[in-house]
Amino acid sequence: MERAKRFCRSRGADLMLPDSEREFKYLEGLMVGNGFWSSWLNMKRTRGGWRNLKTNRKLQFTAWKSFTREGTSEPTKKCAVMSIKSGFEMRKRKWFQYDCNYTFGITFICEKPAIGAAAIVDYSEKANCSGQEDWYGVGDTCYFYDPLQSRSGTTFAEAREKCNALGADVMFPNSEDEHIFLIWYMETLEIWPKKMWLGIKRPDDDVTWEDLRKDLSFQAWKDQQRNQGDKCASLEIIYELWTISKHWVYQACSSRLRYICEKPAMLT
């Protein structure tokens, strides 16, 4: 933990420590989007309880895992991490107590005050997308996941048909920020496997994936894929030992996957 803290301070920053639910949700998305299992928090246990190391004040916001009883059940562990997984069991994003000298598998994120105005993309709140409360509005796009869709998934053609009926289309990220948001959105859904259709398709065999890639403003393809004539694609999240793999993969259009719809937000 001290090495991580020194690194951040060498860059005029400190380790991350959310002081609100809004910031907590933002950091959650940042961790998932970058494939982090856990990150050090800028806090430490003292005789007076847990304190913010930057201000030396008591914490304004906490998100302890329930069995830690507000971080008091393991007095020998004086540091803490924000974690999204324990072993091979997925958990809600929570804080866990850790030995300060523990190093294996823990990453870190630095934070510092912004110069001028800085906007945090708030993934935790649903914006008003033309009065449709079930749609998430981020930037200039609205997103919708139908919780009633078949658990066995739908074909790509069926997914497009469902989205088109809502005046939308199957999701497709055009930037890294949008890609990170969609990964976060998928993470919030109680579904397995974490794999969803992307709104891209090869029109025929004369057009290769390499041809299509040339025109994309953003892409996150998995390396060294075997293309067996697949004309569709999906975004998959795979949980590895200490990282999260999140890539686009070639997919047979007849596969049955879940989907998220997207459409332009209405300007007001």
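The numbers here are math on the coordinates, done by the rules we state, and not lab data. Predicted, not measured: the structure shown is a model, and the values here were computed from it. Please note: Cβ atoms are built from the backbone with ideal geometry, for glycine as well, and neighbour counts cover all protein chains shown.
With the simple model of a label 7 Å out from the Cα in the direction of the Cβ, Asn164 to Asp215 spans 1.8 nm. Toward the positive end of the charge dipole of the stretch 133-268, with +1 on the Cβ of Lys and Arg and -1 on the Cβ of Asp and Glu, the farthest Cα among Phe172, Trp192, Ala220 is that of Trp192. Peptide packing: for 229-237, 169-177, the average count of neighbouring Cβ atoms within 10 Å per residue gives the ranking 229-237, 169-177, highest mean first. Each of Lys222 and Ala157 was given a label point 7 Å from its Cα along the Cα-to-Cβ line. The distance between the two points is 2.5 nm.
What is the ratio of the Cα radius of gyration of the stretch 136-264 to 2.2 N^0.38 Å, with N the residue count, to two decimals?
1.01
Take the Cβ atoms of Asp140 and Lys44, set R0 to 45 Å, and the FRET efficiency comes out at 0.60.
Can you compute the FRET efficiency between Ile238 and Asp204 using 1/(1 + (r/R0)^6), with r the Cβ-Cβ distance and R0 = 35 Å? Round to the nearest 0.05. It would help to have the intermediate numbers written out before the result.
Numbers: r = 30 Å, r/R0 = 0.86.
Once the sixth-power term is evaluated, E becomes 0.70.
Looking at the stretch 136-264, the DSSP beta bridges with both ends there are about 90 percent antiparallel. Can you give the FRET efficiency for Glu2 and Ala114, using 1/(1 + (r/R0)^6), R0 = 35 Å, r = Cβ-Cβ distance, to the nearest 0.05? In this case the efficiency is close to 0.85.
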